[in-house]
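The values are calculated or read from the model by the stated rules, or taken from the named source; none is laboratory data. A quick note: this is a predicted structure, and the numbers were derived from the prediction, not measured. Ideal geometry is used to build each Cβ from the backbone, glycine not excepted, and the neighbour counts take in all protein chains shown. All accessible areas refer to the heavy atoms of the entire protein, side chains included, with ligands and DNA or RNA removed. Shrake-Rupley method; radii C 1.70, N 1.55, O 1.52, S 1.80 Å.
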Amino acid sequence: MPRRPVYEQVIDDITTAIRTGQLRPGDRLPSIADLCVQYEASATPIRHALLLLDARGWIETHQGRGSFVAAHPPGTAAG
């Protein structure tokens, strides 16, 4: 069975953490560098995952400040 792309793993892990309450609205996500270490991946798939999560309304990314769980992410009681 082929290995899933890293960006999909990141998206699944972050959305699961938000759905289960492990990450709550306003919480700061780990930095891209920290996620690279965690997933043993380059910055490209990590950035791609964060871009998709932002576009889908799960997180908000602020240049120079980081990425945060959205105030009302989809698929949660708040969203």
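Within segment 34-52, residues that are under 15 Å from Thr15 (Cα atoms) sit with their Cβ atoms under 7 Å from residues that are open to solvent by 30 Å² or more (accessible area, probe 1.4 Å), at 6+ positions apart or across chains, in these pairs: Ile46/Ile32; His48/Tyr7; Ala49/Tyr7; Leu50/Thr61. The combined condition, being out of contact with any Ser or Thr (no Cβ under 6 Å at 6 or more places or on another chain), free of Cβ contacts under 8 Å to residues at least 24 places away in the same chain and either surrounded by fewer than 16 Cβ atoms within 10 Å (Cβ to Cβ) or assigned to a loop (DSSP other than H, G, I, E, B) (or both), is not fulfilled by Gly75.
Against the list (1) open to solvent by 30 Å² or more (accessible area, probe 1.4 Å); (2) free of Cβ contacts under 8 Å to residues at least 24 places away in the same chain, the condition Gly26 fails is (2). Does Arg47 qualify as being touching a Gly at 6+ places or on another chain (Cβ under 7 Å) and open to solvent by 50 Å² or more (accessible area, probe 1.4 Å)? Here the answer is no, as Arg47 does not meet what is asked. Annotation for segment 6-22: no member residue is open to solvent by less than 60 Å² (accessible area, probe 1.4 Å), touching a helix residue (DSSP H, G or I) at 6+ places or on another chain (Cβ under 9 Å) and either of a type in the set (Asp, Glu) or in a loop (DSSP other than H, G, I, E, B) (or both).
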